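The values are calculated or read from the model by the stated rules, or taken from the named source; none is laboratory data. Worth saying up front: this structure is predicted, and the values here are computed from it rather than measured. Positions of Cβ are backbone-derived with ideal geometry, glycine not excepted, and every protein chain shown enters the neighbour counts. Heads up: the accessible areas ignore ligands, DNA and RNA and are worked out on the full protein's heavy atoms, side chains in. Shrake-Rupley method; radii C 1.70, N 1.55, O 1.52, S 1.80 Å.
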Amino acid sequence: MRKRIASILLATTMAVTMLAGCGTNSNSSSDISGGSSGSSEVSGTETASSDSGDSSVTATSYGEYTEDNPYHLVFSYIEFYEQDDNARSAVQEAINEKMIPEYHIEVELLPIEYAEYQTTIQLMLSGGDELDVIPVYYPYASSWISMGGIYDMTEFMSTDEGKAVIDALGEDNAYVGTMNGILYGFPANKESVELGGLCMRADICDELGITEEYGLEANKDEYDGTFYDWSIAEEIFAKVKDAYPNMTPLYLYNSDQLVRFKFFDELVDGFGVLDWEADHSSTTVVNKYETDTYKKAVTMLADWYDKEYIYKDAATDTQGTATMMKAGNTFSYVTAIKPGFLAEAESANGYDCYSMYFGDHKEGGLSTTNVSFFNTGIATNSKDPEMAFKFISALYSDAELMNLWQYGIEGVNYQVLDDGTTYFAEGEDGSNYKYHQNTGWFMGNQFISYVWNDGSKTPDYWSKLQHHNDWAEYSPAFGFMWDSTDYSTEITALNNALETYRSALDTGSIGSANVESTLKSLNDALYAAGLQDVIDAKQEQLNKWLAEQK
Amino acid sequence: MMKSKAKKLKRYVPFYLMFLPGAIYLLINNYLPMAGLVVAFKQYNVRKGIFGSAWCGLKNIRFLFATPDAWVITRNTIFYNASFIIINTVLGIMFAIFICDTINKRMQKIYQSAILFPFLMSAVILSYIVYAFLSQSTGIVNNTILPALGLDAVNWYSEARYWPFLLVFINTWKSIGYGSLIFISSINGIDPTFYEAAKLDGATKWQQIRNIMFPSLTPTIITLTLMSVGRIFYSDFGLFYQVPRNSGMIYSTTNVIDTYVYRGLMKQSNVGMSAAAGFYQSVVGFALVLLANLIVKKFSKENALF
Amino acid sequence: MREKSFSKFQILANTVMIIWTIIVILPFLLLSLSSITDENTLVANGYSFFPEKLSPAAYVYIIKSGVKILKAYGVSILITLIGTAVNVLLSALMAYPLSIKRLPGRRFLNFFVFFTMLFNGGIVPSYLMWTGIFQIKDTIWAQLLPNFLLSAWNVMMIRTYFMTSIPDSLYEAAEIDGASQVKIFCNIVIPLGRPILVTMGTFAGLSYWNDWTNGLYYIVKNKNLYNVQNLLNQMVNNIQYLATSSNSNVTSAASSIPSTAIQMAIAFVAILPIMLIFPTFQKYYSKGLTLGGVKG
């Protein structure tokens, strides 16, 4: 036993020394014990740029790697729903058949479950495990950067690979995952504007004359500038309640709320925001929960709750819209609508649906975190961040790679239809597929991959999504990422204070009579938790950032 | 003289050898990672490692005391744990005695299963079951029981005052089996000749319980209580987070230190702060248990933990 | 007179226990009924003891995972058996010396064990150690070694039992007879301690059976080593994602998955083996060798 431990220790030490010794490509180290054996270049985020000075990277530089000796790269991503292990291995093989000759990279797919993502990545970062490309969910960015887990990619941006990413995302979006000058990740190319509206049961709309009155049509979900005031929604709910007293006109649940679409630039965490609705160009950080915009929204919701338009258990419910709609006693729910939305919603809900855009907005506001939701970044564990960056760049520019990763192998996992869209291979569908990630919306550039045809999508779907983004007006703070590292104490207290009232306010469950008093209690609690300090710090960071932009 | 002491010690060598395998495991599994506690006082950096990271003093722990909530969560944590200790002990002993005194062996088996099975239910499922009873729109209590009694429906998940009773009841339901089974084994360990002697003396059932069972249960009760005191700042996270369905309106009676830490940190990913919170909980528990152990020592040296 | 008060007590005892048993069984009944209730009925009408419409869809979905679930059961059973056996053995070995009142250094040893209950270094240092030094990541050892192989809590309970239920006179008699400590341990301590060993063994087994954390932390790539809890958690997460997301093309398939009923079914599947085994196992609780037996 002792001998075995000794030999393992020896092996570990040797590995560490070797890595520290070999210099050129050891921006990270496998220094698990956390001792000081790593060299000074260990801390990736701090010394990254000084480190790469010698490597004048060009598109054809593969470092020491060749086709026969490719770089082994671990690509971690979230696997949102189950895939067949064997099918995934086959896809990995197919990816490598392409990646090894073309990029000298041997990819190892590392799917992580949604619920385990934070724990797993954090432990792997701490443990120095083999890990190159990781998804960075924006709320974790600040702490993962401050704990030295994420590699700053700025140094690569002038290379051809960097330019390929900028080409795919545009200059603004490519740099949106930047905090304090550290480029920690690239956003996925997706529809980013959240235009809020209602998804309603078509049969009931038809029956009650709602369809006629507002000219609703099947499969009409593209935004054309038409939107309705929420008072119209109230009229609709009243009709439904009259006709079907036992039906819930509006389903809300504990997380996905109407107030989300009242336009604020949340500035990452919502503690101190820009009041978009009041003034599009303001750069003054204000307390969201004291604004008229917020108050108006929660007052309306409380009124609806009193009138029994809103699901009674909304404040504590977590069943989700599809479950409730399927059960047949729910008329509508609030959601972000985008092209292609209805087809997805109908298949999930089991009913034909209409959509209507609501909210007093001319354009949707585009804030930093609307775009940089999940970001693709490099872990400091990476033995060769340069190669990792090549791979990331390929995710944004190599359609074949994106198709393989998202849809699997052509002819095995999917087929290309006559119109150029794709669907499951013969004999497979959503219930018996073996491999189908369809995760382009959260990592990489899906706009270069095939359009997946779920029955309603046309080959020009990606351009429709891009057009949807055109309705957006950028927030004046777009690109600004608030660094809360020094305020973790306050943020913790603020989260607790907010959670005390949030779900009750956001679902109207407090009732009209209590709106004033609840808002007051909330604001008192927030200020007691240090909101003013956070707002001041945010304002200061924002001002500094704005000055740098000029 | 020396020789006899050495000889005496030698007699104990087999004991130390028996202790050794477990001790090795505790050293590896528990003591070695304990070095990582220093992370509570550090600005953790994964590449510098736990020991290489910069010190940051008490910064990580400040968040626990930053707001008036500190009082509420401390009060709730202590209140619930104290109630749990008392109720689980009293009811646990009662159930154990009841079960041991059933003549019918089949009934005994059924009771034993009944007290143990809730222990198997995960917090998430427990929260669904509780919700099935208490939900406003579909709950059995609001839809069936209260109307039958002619009472108005209650919005359970927004009325804080019901939750101390609900949580204590739910906890009893779930974990009474743990203590009971231990007490049952203690009762089974009592030498039956004691009872026979007592019966010959004409002792009543109550006298038997008081004079035979209680004294032999006392060490178990003391051990259990002392150990629970050590964990008094910790709580069953699932019970306090999942079961009240994270409903904000009832935080005043459901928020405990563990849920506070979780809610504060779930949108961040901060190793140092969660370590600091754990460290604080442990230190308080440690202090209290030292005190409690001293008190126990005063009254019965035998039963002290160490 | 005496007999009468005796039976009165038993009536009281049985009444209380029967009421408690009903209080316990009702929620379990609700759980099992919900798992076979039609999903839409469940959502629309809520949980009920008298469901309008039944459906086996939840179990059909679970069975569809086929070999995976059998494998996971295999891992769970294997780990629980080995883990429990080692746990009980180590605990008993450790508790016995701690129960010897005259053992030099006993207070320190007690403290050494107890201290591990108060402080722990958290998951990051444990992860670094288990994966770095012991290399257990993605091996079967990951399900067995961390955290559950020995619990200080159990050791202390067993120690207390040994102290109170095994009289010192017995050891002395054995030592006079020239019995070695190993022999005393095997022939006196283990048989007399059986009630507590079985009880604490049950809890050790349950903590192995119910554990999902080791799988979460240490099984990342080789999902074949998932135990039942890990696999069922994975299923629940998948279903929840599909039920709340409109972001996927698989939702059409998901719409036929009974997401609420399935969670109940999954809970039921996870605890069923224990509910079946426990009653047959119970005879070992009470029938420890009695003191008289040893003496005779």
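Here are a few things to note about the model shown:
- Residue check for A:GLU102: closer than 27 Å to C:LYS137 by Cα and open to solvent by 10 Å² or more (accessible area, probe 1.4 Å): no
- In the range A:493-517, the residues that are outside any loop (DSSP other than H, G, I, E, B), of a type outside the set (A, V, I, L, M, F, W, C) and buried (at least 21 other Cβ atoms within 10 Å of the Cβ): A:ASN495, A:ASN496, A:THR500, A:TYR501, A:SER503, A:ASP506
- Checked across the range B:285-300, the condition of being crowded, with 20+ Cβ neighbours inside 10 Å and within 10 Å of chain A (Cβ to nearest Cβ) holds for no residue.
- Within the range B:261-275, the presence of a residue that is buried (at least 24 other Cβ atoms within 10 Å of the Cβ), more than 19 Å from A:ALA115 (Cα to Cα) and without any contact (Cβ under 8 Å) to a residue 24 or more places away in the chain is excluded.
- Considered as a group, the residues in the range B:39-59 that are open to solvent by 50 Å² or more (accessible area, probe 1.4 Å) and assigned to a strand (DSSP E or B) include one that is nearest to A:THR485 (Cα to Cα), and that residue is B:GLN43.
- A:LEU542 fulfils the conditions (1) open to solvent by less than 10 Å² (accessible area, probe 1.4 Å); (2) over 18 Å from A:THR291 (Cα atoms); (3) at pLDDT below 95 except for a single criterion, (3).
- Of all residues in the range A:381-435, exactly one satisfies the criterion of being open to solvent by less than 10 Å² (accessible area, probe 1.4 Å), over 25 Å from A:ILE100 (Cβ atoms) and aromatic (Phe, Trp, Tyr), namely A:PHE424.
- Residue under evaluation B:SER135, criteria (1) within 30 Å of A:MET247 (Cα to Cα); (2) open to solvent by 20 Å² or more (accessible area, probe 1.4 Å); (3) of a type outside the set (Lys, Arg), criterion not met: (2)
- Index of the failed condition, A:VAL412 passing every other in (1) within 30 Å of A:GLU194 (Cα to Cα); (2) outside any helix (DSSP H, G or I): (1)
- Selection count where residues are outside any loop (DSSP other than H, G, I, E, B) and either at pLDDT 90 or above or touching a Pro at 6+ places or on another chain (Cβ under 9 Å) (or both), scope the range A:256-285: 3
- Failed item, numbered, when B:SER158 is tested on (1) more than 8 Å from chain C (Cβ to nearest Cβ); (2) within 24 Å of C:LYS283 (Cα to Cα): (2)
- Conditions (1) part of a helix (DSSP H, G or I); (2) more than 19 Å from B:VAL72 (Cα to Cα); (3) within 14 Å of chain A (Cβ to nearest Cβ); number of the one not met by B:THR218: (3)
- The listed residues are A:ASN375, A:ASN381, and the only one of them that is touching a helix residue (DSSP H, G or I) at 6+ places or on another chain (Cβ under 8 Å) and in a loop (DSSP other than H, G, I, E, B) turns out to be A:ASN381.
- Given (1) in contact (Cβ under 8 Å) with a residue 24 or more places away in the chain; (2) open to solvent by less than 40 Å² (accessible area, probe 1.4 Å); (3) of a type in the set (Phe, Trp, Tyr), index of the condition C:PHE28 fails: (1)
- The range A:159-211: number of residues that are without any contact (Cβ under 8 Å) to a residue 12 or more places away in the chain and charged (D, E, K, R): 3
- Considering (1) over 27 Å from A:GLN466 (Cβ atoms); (2) of a type in the set (Ser, Thr, Tyr); (3) away from chain C (no Cβ under 14 Å); (4) part of a loop (DSSP other than H, G, I, E, B), the lone condition that A:THR318 does not fulfil carries the number (3).
- Of all residues in the range A:176-184, none satisfies being β-branched (Val, Ile, Thr), assigned to a helix (DSSP H, G or I) and buried (at least 22 other Cβ atoms within 10 Å of the Cβ).
- In the set B:ILE99, B:ILE28, B:ILE73, B:ILE24, only one residue is at pLDDT 90 or above, crowded, with 17+ Cβ neighbours inside 10 Å and over 23 Å from the mean Cα position of the chain (by Cα); that residue is B:ILE28.
- Of the helices (runs of 4 or more DSSP H) lying entirely inside the range C:34-123, those containing at least 2 residues that are under 30 Å from A:SER431 (Cβ atoms), among the small types (Gly, Ala, Ser) and open to solvent by less than 20 Å² (accessible area, probe 1.4 Å) are C:67-99.
- Selection from the range A:89-119 of residues that are free of Cβ contacts under 8 Å to residues at least 12 places away in the same chain and within 14 Å of another protein chain (Cβ to nearest Cβ): A:SER89, A:ALA115, A:GLU116, A:THR119
- Yes/no for C:PRO27 being touching a strand residue (DSSP E or B) at 6+ places or on another chain (Cβ under 7 Å) and either modelled with pLDDT of 90 or more or in a loop (DSSP other than H, G, I, E, B) (or both): no
- Members of the range B:115-130 found to be at the interface with chain C (Cβ under 8 Å from one of its Cβ atoms) and in a helix (DSSP H, G or I), listed by number: B:ILE115, B:LEU116, B:PHE117, B:PRO118, B:PHE119, B:LEU120, B:VAL124, B:ILE125, B:TYR128, B:ILE129
- Sole exception among (1) among the aliphatic types (A, V, I, L, M); (2) buried (at least 22 other Cβ atoms within 10 Å of the Cβ); (3) in a strand (DSSP E or B); (4) under 20 Å from the mean Cα position of the chain (by Cα) for A:MET356, by number: (4)
- Meets criteria (open to solvent by less than 10 Å² (accessible area, probe 1.4 Å), farther than 24 Å from C:GLN240 by Cβ and in contact with a Lys or Arg (Cβ under 8 Å, 6 or more places away or on another chain)) for A:PRO339: yes
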